[in-house]
């Protein structure tokens, strides 16, 4: 396989080795993962990419170099490594491109995937493509739909008309996290288009049912602490009490959740969210115009903007009053946007003396502030909200109690009076699981009218949840019926236009033949309207599609068992490979993707589909590669660096090593194109030392060379350091150590073939092309991957000599290297005979000889 020229030419070397690795009969055999292969199974997983038209960027290269290096390292160690690749290919960008160009999304997706594959191969990344998954492949999304039906059957999927962020330009609903707060108002993260609040019919998944399991499961995960904290905060479990406040003059009441029932005597007003269902009913005629205007204004703000502590507080009194259940006081009810309908009950009791937001609000609007918690030093003058601990006061039966005891006492009293109870609350909201677009997984659901639902057989009804899912459409009640599993996958129809409909519905709402179906009431199957089939029920397919998150929730499982046609994955295969030993991907997915995947995985475990409770037990977030200007790379800033351009100029080995050498893998690092020159020089020097060059340099590698003790010591230091660093994904320090080793080889005349080969084995995971080429030039016929991993010998690092400082009257005059077990008399005699010491002894008497073993010899002379 080796070339015959002596010039290091990546453009000539690298394509040949890439071709060799792609050949399953040659280098490709090392990357083929099968269950009957020798070696301990080792599963490495990348967060799979969205195949955009822009192709790979440097962030991809960083991520995939790290895992490709780890893979090659583990293969060399003898593991049976599974390191697959696939495509998160449904989603908005492809659909937007299809709308603009008329190109079919599946054609655009296939072209983008082909580009990614070419770029991946060019960077030296090798995958077992027999395990490739693509979320848009019917053979894959058949099982995504199957999982949805499991959730549906379990009562974890329902339909609701929710006020959601809708982007008219994109034609779809956006999650809160996909909406930006800008000076122009809320806008879409993708495209920066205006968004608005709309009530739309949505599929929702009850992820809240799994809140405790998702929270408790974090304890068993080897994840960055920051990521676990983010998930815990997102779930947001808090314990406290639900308290009921009667609304004066109305039969209605307001229930609040509070973690501080001990402060009830300090509740001097209430606040309800603008979306609270009671606002319209309790608002007085005098306040209705102002409240209505305020609610309209609040619709243009995102939840994130509304919840900001630093924002200017705003609100309007409703004109209604609530009755504080612990003291009977009438307290005003306000509407304010800092209260969210998505948290708790959408209403709060405001205790301005002990809550920062309530304090600011009360100060701005002149509302009563009553202190009920007093610090131990007796301070009772409030200049700001007091949020510390202390004793209760101004609280009747709670006076003198500490906070903890007061919570218990007041909660028990409320419960005994049927005015409240102990409660647990979560910030986590149910998962909005539908989008009004074409390019996504179709829901395997048919809607039929309520009257027709009664005609279904019991067997068909049993395929749905105990409580049927209903919704109102066109003034009638419709019921959701699942497709039989035998009719999966449900594929997307051909449509004339991919543009969203004007009323917020998906383009599928215009797909007449696909949309309008007939249902066999005995089997639930979709049937044709043939003669003699008069009992068939008319129905409508669901026109929403699943969000992009759906396909990415379980792809890591399908990699293990990609050709299974009877289940998403078999227990036997799952138990053989286990879950990923490493999951590497960006910290931007710390909450949503990871939380959603954990939810689906735990649900499938509860259903008996899986034998493991958690999908990703070990997680690593690579840092972001910034532009030269220190800003995030983007086309608009003009600071994007192309991997293809770098490979054109320096080769992929140089790119791989440099991007790993920029700094710790987890750190944020600016791209510095000048810095790659150093890595390029390192590779050229390696080539020169091991292969010579056309300028007359000869290879230093000789089969009969005997390595010096220093060479052996440095080599084994390198084996030890690189092995440990690869295990920890500390590639930058592994490269530093290899540079030290090569610098040493540059100072000696010859190096043994054994030591040269050991060094190449260490380098091969990071710079596989040059390593394979030099390995071949040293006379090896098989891939370097077949040679195993060099063994570290601790005995080679034991120092046989020590270096001593030799002093005259306490001043350093020379140094001495001598065997560490040399007798004292011999050490002193050798020190006195040093060329640098003799002049200082000439004509003088040694009056004292001091020897500190391993450190100094000090001769005192007169």
Can you order the peptides 735-742, 268-275, 572-579 by their average number of other Cβ atoms within 10 Å per residue, highest first? 268-275, 735-742, 572-579
Under a crude label model (7 Å from the Cα following the beta-carbon direction), how far is residue 677 from residue 192 in nanometres? 3.5 nm
Taking segment 674-796 and dividing mean pair separation by its residue count, relative contact order in percent (alpha carbons under 8 Å, at least six apart): 27 percent
Provide the packing ranking of 130-136, 484-490, i.e. peptides ordered by the mean count of other C-beta atoms within 10 Å per residue, highest first. 130-136, 484-490
Sorted on mean Cβ neighbours within 10 Å (highest first), peptides 675-681, 491-497 come out as 675-681, 491-497
Return the calculated 222 nm mean residue ellipticity for the chain, to the nearest 500 deg cm²/dmol, obtained by summing -39500 (n - 2.57) across DSSP H runs with n ≥ 4 and dividing by the residue count. -10000 deg cm²/dmol
Work out the FRET efficiency for residue 409 and residue 523 from their Cβ-Cβ distance, taking R0 = 56 Å, and round it to the nearest 0.05. 0.40
Using R₀ = 41 Å, calculate the FRET efficiency as 1/(1 + (r/R₀)^6) where r is the Cβ-Cβ separation of residue 852 and residue 685; round to 0.05. 0.50
Whole-number percent relative contact order across segment 238-425, with pairs defined as alpha carbons under 8 Å at least 6 apart: 29 percent
One finds, for residue 591 and residue 693 with R0 = 45 angstrom and r their Cβ-Cβ distance, a FRET efficiency to the nearest 0.05 of 0.30
Segment 573-715 shape via C-alpha gyration tensor axes, a/c threshold 1.5: oblate
Which distance in nm do the two modelled labels at residue 209 and residue 838 give, with both placed 7 Å along the Cα-to-Cβ direction? 9.3 nm
Give me the number: length gained by fully extending residue 861 to residue 463, i.e. 0.36 nm times residue separation minus the C-alpha to C-alpha distance, one decimal in nm. 133.1 nm
Just grab the label-to-label distance for residue 513 and residue 300, each label 7 Å out from Cα along the Cβ direction, in nm (one decimal). 4.6 nm
To check you understand DSSP bridge types, tell me what percent of the beta bridges within segment 799-861 (both residues inside) are antiparallel, rounded to 5. 80 percent
Heads up, the chain by the C-alpha gyration tensor (a ≥ b ≥ c square roots of eigenvalues; a/c under 1.5 rounded, else a/b over b/c prolate, else oblate) looks oblate
Is the shape of segment 674-796 rounded, prolate or oblate, going by the alpha carbon gyration tensor and its root eigenvalues a ≥ b ≥ c, with a/c under 1.5 for rounded and a/b larger than b/c for prolate? rounded
Find the relative contact order for the chain and round it to a whole percent, using C-alpha pairs within less than 8 Å whose residues are 6+ positions apart. 14 percent
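Each reported figure results from applying straightforward, stated rules to the coordinates on display, with no laboratory input. The shown structure was predicted, so the numbers you read here are calculated from the model rather than taken from an experiment. Glycine gets a Cβ as well: all are built from the backbone with ideal geometry, and neighbour counts include every protein chain shown.
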